[in-house]
Structures are given as structure tokens and as C-alpha cells.
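The values are calculated or read from the model by the stated rules, or taken from the named source; none is laboratory data. Keep in mind it's a predicted model, so treat the numbers as computed, not measured. Here Cβ is always computed from backbone atoms with ideal geometry, including for glycine, and neighbour counts include all displayed protein chains. Calculation scope for accessible area: heavy atoms of the full protein, side chains included, ligands and nucleic acids excluded. Shrake-Rupley method; radii C 1.70, N 1.55, O 1.52, S 1.80 Å.
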Amino acid sequence: MKIFNIILIIFITLTNEIKADSENQILDILEKGGNLIFIRHAYAPGGGDPDNFNINDCSTQRTLSNQGKEQSKKIGKFFKVNKIPISLVISSEWCRCKETAYIAFQNYETKKFLNSFYSKKYVKNKKSQLDKLREYIDNWNSDKNLVLITHYVLISEVFNYAASSGEIIIANKNFEKIGNLEIEY
């Protein structure tokens, strides 16, 4: 039993050091700029949207819980404390994404290509949205980072990756995932 405990302590110590090194490398990359920073909107309980969903009426949508609002504040604080340079913040038109953008960064623009295509109503937009996203990124040029606040379904489609609420995914302009950070809610 003593050997197992010793091995467990060594494993925990090493994995914490690896995690810290990985986070430091990601921070270095973010500080240099020129990256795409995809953020899945902060915590909004549930899945999908109600049948009466109206893009112009937040009362018909899933919105951030109090935990999601706190998580959004933590996202903004992460960028501010680490002095991560941002050229622009763009958001889906869905209220939970706009709330995340506003609470975390205050200034943002909305882009239709970041909208969800999870429901049957919007799945027909998937190819067009992804094409417009790629076109936008092809034309984007900055030595600072571009923040894109969007949905699980878009992140999953682009990176084949299941992002948690409020998770930050860092990529280059070729949509190659560099790393990710989870912000607790």
C-alpha cells in the first residue's frame, strides 16, 4: 500500500507541473497575439433552445445563469490580468453569447456565422456559416488576438472537440488547435 501511495503522490506532483508548464506556454502564445480565441458561451443551463426561440427576444432563449454570469466575469478577468492583447471580440447573435461577450469584454460585434446550427431550424445554415467564418478569418490580419464567442456545435464542427461552457480554445489562422483553458463556473 505504501508503494501505491508513493506512486500516486509522484503522479499528482508531475501532472500538476505538466499542467502549469502547459498553461504558461499557452499564456506565452496568447501574449504574442495573432491567434484565434474561440470561447464557448458561459454556463446557460439546458441544451438547445425552446421551440418558441426568437433570436430577437432573449426571454425565448436559454440565457446565462448566475453561475454563467460569474464565469463570464472570470473570463474577462483572465484576459485582463494576463494582459492578453485583443483586436476584436465577435459574438454569435444568440443572447447567451452576447451576455458572455458583454460581461467579459464589454465591447463586441455580432456575426451571423458564429450562430448555432444545432436545431433543425438552423442546421441548413451550417455550410454557409462555416464558409463565411473561414472567409472572415482569411481576411483577418492583426498582431493581436481575435476572440470569437460561439456555441458547442460550431466549436465541435471546426475542431472536432467537445468544449465545456466558458472554455477557451486557442487556434492559429489555419484552425489548428494550439491549446485550451477551462474557466470554472
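Across the stretch 51-68, what is the number of residues that are open to solvent by less than 30 Å² (accessible area, probe 1.4 Å) and within 20 Å of E184 (Cβ to Cβ)? Step through it out loud before you land on a result.
First, pick out the residues of the stretch 51-68 that are open to solvent by less than 30 Å² (accessible area, probe 1.4 Å): 53, 60-61, 64-65, 68.
If we keep only those that are within 20 Å of E184 (Cβ to Cβ) too, we end up with 64-65, 68.
Selection size over the stretch 51-68: 3.
Among the residues of the stretch 77-104, write down those that are open to solvent by 10 Å² or more (accessible area, probe 1.4 Å) and not hydrophobic (A, V, I, L, M, F, W, C).
Once the filter is applied, which keeps residues that are open to solvent by 10 Å² or more (accessible area, probe 1.4 Å) and not hydrophobic (A, V, I, L, M, F, W, C), the stretch 77-104 yields K77, K80, N82, K83, P85, S87, E93, K98, E99, Y102.
Somewhere in the stretch 136-145, is a residue in contact with a strand residue (DSSP E or B) (Cβ under 7 Å, 6 or more places away or on another chain), closer than 26 Å to D49 by Cβ and hydroxyl-bearing (S, T, Y)?
No, the stretch 136-145 contains no residue that is in contact with a strand residue (DSSP E or B) (Cβ under 7 Å, 6 or more places away or on another chain), closer than 26 Å to D49 by Cβ and hydroxyl-bearing (S, T, Y).
Among the residues of the stretch 32-48, count how many are open to solvent by less than 50 Å² (accessible area, probe 1.4 Å) and either polar (S, T, N, Q) or at pLDDT below 95 (or both). Break it down stepwise before answering.
Going residue by residue through the stretch 32-48, those that are open to solvent by less than 50 Å² (accessible area, probe 1.4 Å) are 33-42, 44, 48.
Okay, now just the ones that are also either polar (S, T, N, Q) or at pLDDT below 95 (or both), so 35, 48.
Here the count works out to 2.
Six or more apart or on different chains, Cβ under 8 Å: which pairs go from a residue in the stretch 47-58 that's within 15 Å of K121 (Cα to Cα) to one that's open to solvent by 70 Å² or more (accessible area, probe 1.4 Å) and not β-branched (V, I, T)? Could you list them?
Filtered contacts from the stretch 47-58: G48/Y118; D49/Y118; F53/K121.
Taking K112 as the residue in question, decide whether it is open to solvent by 60 Å² or more (accessible area, probe 1.4 Å), at pLDDT 95 or above and over 26 Å from K74 (Cα atoms). Full working, then the answer.
Working: open to solvent by 60 Å² or more (accessible area, probe 1.4 Å): yes; at pLDDT 95 or above: yes; over 26 Å from K74 (Cα atoms): no.
Criteria not met by K112.
Take the residues in the stretch 160-183 that are of a type in the set (G, A, S) and open to solvent by 30 Å² or more (accessible area, probe 1.4 Å); name whichever of them is farthest from Y43 (Cα to Cα). Can you show your working first?
Filtering the stretch 160-183 for residues of a type in the set (G, A, S) gives 162-166, 171, 179.
From what is left, the residues that are open to solvent by 30 Å² or more (accessible area, probe 1.4 Å) are 162, 164.
Working: A162: 14, S164: 9 Å.
The selected residue is A162.
Could you figure out which of (1) surrounded by 15 or more Cβ atoms within 10 Å (Cβ to Cβ); (2) over 11 Å from the mean Cα position of the chain (by Cα); (3) in a helix (DSSP H, G or I) isn't true of I155?
(2)
Which of the residues belonging to the stretch 115-131 are open to solvent by less than 50 Å² (accessible area, probe 1.4 Å), farther than 24 Å from N174 by Cα and in contact (Cβ under 8 Å) with a residue 24 or more places away in the chain?
Residue satisfying the conditions is S119 alone.
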